[in-house]
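Right, one structure below, let's go through it.
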Amino acid sequence: MLIVGLGNPGDAYKETKHNVGFKVVDSLLNSLKPTPINKREFKGELYKVSDFFLLKPQTFMNLSGESVEAVCSYYNIENLVVIHDDIDLGLGVLRFKKGGGSGGHNGLKSIDKKLGSDYTRVRIGVGKPEDTRFEISDYVLSKFSTEEQKIIDTIIERAKQAVISLMDGESLERVKSNYSQKADATI
């Protein structure tokens, strides 16, 4: 299984809404004992834990599929889990699904183009801008407010636990049942 957290590399993007996928992988890496794998052709930060791989593509969001395809091809991986921000879900919503469209998400578009869309998605709601004149790209590249960050920190932990359950062999249906979260997850 390859677990991919989507985001953009570099300090300028580190705390943005678009980088919640990276945040979940970082949380997993802090909890597990990963072994880094350094191969330039993977175009990303790759780690191995037991029989699982964790990836943070370093290609920027719109080219994420290049990194994912390189790792899947090299290791012959068919079971793919992608963790990403979702503006179509309210802040703090956590959902899971297999397959589907990209919803306009450039990272998913890139992966779909390279590998098709039949993979598991861990969708983390970041909400939409209230002002409709606000560009979506500017919104997802903005930082969370202090209050929003508290909600997101809770959801990152919940998403991490969900991914660990998938790694432990839980079915997607069971993970959906146990970890899906409605908006405003202030625990």
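Sort out which residues of segment 58-71 are under 17 Å from the mean Cα position of the chain (by Cα) and either surrounded by fewer than 22 Cβ atoms within 10 Å (Cβ to Cβ) or among the small types (Gly, Ala, Ser) (or both), and write them in order of number.
Selection gives GLN58, THR59, PHE60, ASN62, LEU63, SER64, GLY65, GLU66, SER67, GLU69.
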Notebook entry, point to check: In segment 78-98, which residues are within 20 Å of PRO57 (Cα to Cα) and either surrounded by fewer than 16 Cβ atoms within 10 Å (Cβ to Cβ) or among the small types (Gly, Ala, Ser) (or both)?
Noted result: GLU78, ASN79
Check: Any residue in segment 75-88 that is in contact with a strand residue (DSSP E or B) (Cβ under 9 Å, 6 or more places away or on another chain), modelled with pLDDT of 95 or more, within 18 Å of GLY107 (Cα to Cα) and in a helix (DSSP H, G or I)?
Finding: no
Next item on the list: Take LYS114 and decide whether it is in contact with an Asp or Glu (Cβ under 9 Å, 6 or more places away or on another chain), modelled with pLDDT of 95 or more and surrounded by fewer than 16 Cβ atoms within 10 Å (Cβ to Cβ).
Entry: no
Margin query: Take the residues in segment 5-32 that are without any contact (Cβ under 8 Å) to a residue 60 or more places away in the chain and aliphatic (A, V, I, L, M); name whichever of them is surrounded by the most Cβ atoms within 10 Å (Cβ to Cβ).
Written below: VAL25
Item checked: Residue, farthest from the chain's Cα centre (by Cα), within segment 118-129, restricted to residues that are crowded, with 16+ Cβ neighbours inside 10 Å and either assigned to a loop (DSSP other than H, G, I, E, B) or among the charged types (D, E, K, R) (or both) -> LYS128
Next item on the list: May I ask you to list pairs of residues, at least six apart or on different chains, whose Cβ atoms are under 8 Å apart, with the first in segment 128-144 being without any contact (Cβ under 8 Å) to a residue 40 or more places away in the chain and the second being among the aromatic types (Phe, Trp, Tyr)?
Entry: PRO129/TYR139
Notebook entry, point to check: Does GLY101 qualify as being touching a Ser or Thr at 6+ places or on another chain (Cβ under 8 Å) and loosely packed, with under 13 Cβ neighbours inside 10 Å?
Noted result: yes
Check: Based on what the data block shows, is LEU55 under 11 Å from the mean Cα position of the chain (by Cα) and not small (Gly, Ala, Ser)?
Finding: yes
Next item on the list: State the number of residues belonging to segment 33-57 that are out of contact with any Ser or Thr (no Cβ under 7 Å at 6 or more places or on another chain), over 17 Å from LEU108 (Cβ atoms) and surrounded by 16 or more Cβ atoms within 10 Å (Cβ to Cβ).
Entry: 8
Margin query: Considering only residues that are assigned to a helix (DSSP H, G or I) and loosely packed, with under 14 Cβ neighbours inside 10 Å, which ones fall in segment 166-183?
Written below: GLU173, ARG174, SER177, ASN178
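The values are calculated or read from the model by the stated rules, or taken from the named source; none is laboratory data. For clarity, every value in this text was computed on a predicted model and none was experimentally measured. Every residue, glycine as well, gets a Cβ built from its backbone with ideal geometry; the counts of neighbours run over all protein chains shown.
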